[in-house]
């Protein structure tokens, strides 16, 4: 399938002609330093959302004022929070949910992936699939999120492209379809052959004017292509492209959208090479808003009534006010400013008077929004992660989980007179999604759990600044946590009685087993086959 045919209107698509049909809501997943920030910057540049390269990396006061909301971000010069950036390109409206790329990110990062319809996976050509990429991919797989792969940094020495494709296929259990193919790498990188359009995109480290220059050709045997490349490079490219043609499946749109196949592009984001092709592929192939799982029925994006869910809550966006902004993903209907929506669970009616749309680093009040859009809803703590909002129908949107923490710490309160304030602080921050909070059944200790260590610093800072409570975090006697359940309540009660010292409750009162290490967890799991130990739990 060519990009040209993919972009033509699909009359069988229920969203054809609907504003939601133009939406492409996606995230970029990668290991730190694979080039995610640079790729984000170049995508925004193509979309006209920023006007100069370097805007994303800038660390000046202007950027701090707009994006680095918390003290900890200003001190470390990194962005801990998830950003949303809206831009237009190729007739589509893109909502890019940016996730922290540094080593210590949070559960927020995982949960952001529940609000996207597709993703770009960035891989460092020299390193291949790395640990954090694999973890983020697993979160995407929970919802069969379609993934476009961008192999970055081809202008540096890299692994063999065939070895990289084999690694993607075997590590992630995905079919791979090369959409472009590199001619050399590092100093010998000459560009990429566009397998879809049968043309060569040239690259030159010496002559920046030549970067992205196109050689139109009729197939790999075209003499114009042979004339454009050094003889040895052309011979190798011709052999590789012929192997690609017989060794990998043709691109299949249905297989990609079901999350089974990933189209692979090669390039160099820093040099703006191969980026436009990825963006064109998102316009052509990436799905518009998909039906949203919900109880008692799924929600179609074409429905006239508005529905949406909160996947993130951010406090301290304006230091002068104690407001929070809830990030809401719209699932159906035409949202209009001033609408009254029902908060499922509490039954409260919320009037959304100042909905915010995010353009790169700027924010502005929006009058209308459509399925796939992300809007910010200012509130005083009424909305929490996992909340469903509708025009009245009792629909609870599912698929917004809490994730088992990877780091556990015991909370030590400096002033025992402030135990009530501590409880409120921990419960508020747990609702916001900053941390998991567990209360041990024996002793009543507070245990906090996070996905990345940096979140512990965020927790300490916010408890002290916002609630005036000084706490310390001590090494907990546990390493991991699992939510427990059983088909038979008698089995669950018996297990909890025997393992009382390791039992805690989460913020909703659900039982949790705290394990000292992975070996103990596996041993207990074998000893008690009637008990289920879950790594995720649906947020209610």
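Among 118, 170, what is the fewest-to-most ranking by other Cβ atoms within 10 Å?
Details: 118 22, 170 10.
Listing 118, 170 from fewest to most nearby Cβ atoms yields 170, 118.
When the helices in the chain are scored as -39500 (n - 2.57) per DSSP H run of 4 or longer and the sum is shared across all residues, what 222 nm value do you end up with, to the nearest 500 deg cm²/dmol? Mind showing how you got there, number by number?
Details: 15 runs with 144 residues, N = 540.
My calculation for the chain gives -7500 deg cm²/dmol from helical runs alone.
Using the alpha-carbon atoms, what tilt in degrees (0 to 90, nearest 10) does helix 419-432 show relative to the longest principal axis of the chain?
Long axis of 419-432 versus the principal axis of the chain: about 30 degrees.
Given a cut-off of under 8 Å on Cα pairs at least six residues apart, what relative contact order in percent is computed for the chain?
Numbers: 1143 pairs, mean separation 76.0, N = 540.
Relative contact order for the chain comes out at 14 percent.
Can you put 325, 498 in order, fewest other beta carbons within 10 Å first?
Details: 325 23, 498 13.
The fewest-first ordering by Cβ neighbours comes to 498, 325.
Relative to the first principal axis of the alpha-carbon coordinates of the chain, what is the inclination of helix 489-498, with its axis defined by its Cα atoms, in degrees from 0 to 90 and to the nearest 10?
The two axes meet at around 80 degrees.
Subtracting the Cα-Cα distance from 0.36 nm times the residue separation, let me have the gained length for residue 254 to residue 505 in nm, one decimal. Please list the in-between numbers first.
On the way: separation 251, 0.36 × 251 = 90.36 nm, distance 4.25 nm.
Taking residue 254 through residue 505 to full extension adds about 86.1 nm, to one decimal.
Hey, what angle do you get for helix 36-46 against the long axis of the chain, alpha-carbon based, 0 to 90 degrees rounded to 10?
Once rounded, one gets 60 degrees.
If we restrict to alpha carbons, what Rg and Dmax does segment 401-538 come to, in Å?
So, for segment 401-538, Rg and Dmax equal 15.1, 45 Å respectively.
Counting other beta carbons within 10 Å of each residue's own, what order do 260, 31 fall into, fewest first?
Working: 260 14, 31 22.
By the 10 Å Cβ count, ascending, the order reads 260, 31.
Let me check against my output: what whole-number percent is the relative contact order of segment 401-538, with C-alpha pairs under 8 Å and at least 6 apart?
Details: 237 pairs, mean separation 43.6, N = 138.
For segment 401-538, the relative contact order is 32 percent.
Among 415-428, 328-341, how do they line up by average Cβ neighbours within 10 Å per residue, starting with the highest? List each step's numbers first, then the result.
Working: 415-428: 14.9, 328-341: 20.4.
In decreasing order of mean packing, 415-428, 328-341 become 328-341, 415-428.
Calculated FRET efficiency, residue 382 and residue 489, Cβ-Cβ r, R0 30 Å, to nearest 0.05? Each step should come with its number before you reach the end.
On the way: r = 34 Å, r/R0 = 1.12.
Plugging the Cβ-Cβ distance into 1/(1 + (r/R0)^6) gives 0.35.
Describe numerically, in nm with one decimal, the distance between label points set 7 Å from Cα along Cα→Cβ at residue 235 and at residue 530.
Rounded to a tenth, the inter-label distance reads 7.2 nm.
Please work out the C-alpha center-to-center distance from segment 369-448 to segment 219-296 and express it in whole Å.
Here the answer is 41 Å between Cα centres.
The numbers here are math on the coordinates, done by the rules we state, and not lab data. Because the structure is predicted, anything quoted here is derived from the model rather than measured. Heads up, the Cβs are rebuilt from the backbone with ideal geometry, glycines too, and the neighbour counts pull from every protein chain shown.
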